Amino acid sequence: MTGVLAVAGGTASGKSTLAEALSLQCPESVTLIHLDDYYVPAHDPLRGVWTVSADGHAVLDWNHPGSIDETAAAHAIDAALQRPGVLLVVVEGLFALSLPSVLRRAAWRVYVETPDDIRLARKILRKIEAQRQDPRLSLRNYLQTGRDRHAAHVAPSRAAADLIVDGTASKAEMLAAVMPLIGPALTSPPAAPSQTREGCGVPDTPGVPALAM
Ligand SMILES: Nc1ncnc2c1ncn2[C@@H]1O[C@H](COP(=O)(O)OP(=O)(O)OP(=O)(O)O)[C@@H](O)[C@H]1O
Ligand SMILES: [Mg+2]
């Protein structure tokens, strides 16, 4: 049986890290969909939700689920489910548990929980190290809109999760926490004799740092 795992959480909580670890664990049978790839065009003021950035420009509001092309994302999920050999489609993004079209398709729902101060520190570090961006802009955007958008559109989706994963745990520990949930999808018999599940299973990591619901 092919199923969809939705992975949500605040910005820099570790969603992509977890999703990519899952894909590496089972490269033959796991397909990733990053909701970040489904924002409406940032140059079309008639689409998405717009806001004013801290430096005074009108910009697409990246922290609002209304800026995602939900129809395109839903089509991508449905197409991935049809792909031969795929047993699990992992959909990860800020709004994976907020967008009805994604939530409806998800057999399993995970929320990566990381304290706000750690997420902000990770995000600022990433802006400086990867994009060489002045951190003052990120910090002002966070104070002006980012913090409120998280509270309004991301944090409440935690309630829809089957499993809360500790985003401060190691990658291996996050993986070990999620594998029991999706195990049934990944251990179903191969559809064709050529398909194998070699190297795909619960990693041998002591302790499962999922938080109690
Ligand atoms: N479990 C972890 N322990 C330590 N650092 C982590 C962990 N998970 C992720 N990170 C680091 O935090 C940063 C953000 O991680 P990641 O890109 O996975 O977050 P994200 O939730 O996908 O963020 P975004 O919403 O911005 O896409 C990266 O620099 C990553 O290396
Ligand atoms: Mg990400």
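The values are calculated or read from the model by the stated rules, or taken from the named source; none is laboratory data. This structure is a prediction, so every number in the text was calculated from the model and none was measured. Here the Cβ positions follow ideal geometry from the backbone for every residue, glycine too, while neighbour counts run over all protein chains shown.
Things worth noting here:
- Condition met for Arg105 (more than 17 Å from Gly167 (Cβ to Cβ) and basic (Lys, Arg)): yes
- Among the residues listed as Ala72, Ala6, Ala19, the single one being of a type in the set (A, V, I, L, M), at pLDDT 95 or above, assigned to a helix (DSSP H, G or I) and more than 18 Å from Arg119 (Cβ to Cβ): Ala72
- Condition broken by Ile124, with the remaining ones in (1) in contact (Cβ under 8 Å) with a residue 60 or more places away in the chain; (2) aliphatic (A, V, I, L, M); (3) farther than 13 Å from Trp62 by Cα satisfied: (1)
- Test: residue in region 3-15 that is within 14 Å of ligand 2 (Cβ to nearest atom) and over 24 Å from Ser67 (Cα atoms): no
- Qualifying residue in region 58-73 (condition: of a type outside the set (A, V, I, L, M, F, W, C), closer than 23 Å to Leu186 by Cβ and surrounded by fewer than 18 Cβ atoms within 10 Å (Cβ to Cβ)): no
- Selection of region 41-67 for residues being farther than 14 Å from Arg149 by Cβ and touching a strand residue (DSSP E or B) at 6+ places or on another chain (Cβ under 7 Å) yields Ala42, Ala58.
- The sole residue among Gly3, Gly9 that is in contact (Cβ under 8 Å) with a residue 12 or more places away in the chain and within 12 Å of ligand 1 (Cβ to nearest atom) is Gly9.
- For region 97-126, residues that are in contact with a Lys or Arg (Cβ under 9 Å, 6 or more places away or on another chain) and within 10 Å of ligand 1 (Cβ to nearest atom) total 2.
- Pairing residues of region 78-103 that are farther than 25 Å from Ala155 by Cβ with residues that are assigned to a helix (DSSP H, G or I) and among the small types (Gly, Ala, Ser), at Cβ distances under 7 Å and at least 6 apart in sequence or on separate chains, gives Val86/Ala80; Leu87/Ala185; Leu88/Ala185.
- The set of residues from region 157-183 being under 19 Å from Trp108 (Cβ atoms) and over 15 Å from the mean Cα position of the chain (by Cα) comprises Ala159, Ala169, Glu173, Ala176, Ala177, Met179, Pro180, Leu181, Ile182, Gly183.
- Top-ranked residue in region 22-45 [being crowded, with 20+ Cβ neighbours inside 10 Å and of a type in the set (A, V, I, L, M); ranked as nearest to ligand 2 (Cβ to nearest atom)]: Leu35
- Any hit, region 33-53, residues being touching a residue at least 40 places away in the same chain (Cβ under 8 Å), hydrophobic (A, V, I, L, M, F, W, C) and either part of a helix (DSSP H, G or I) or farther than 29 Å from Leu143 by Cβ (or both): yes
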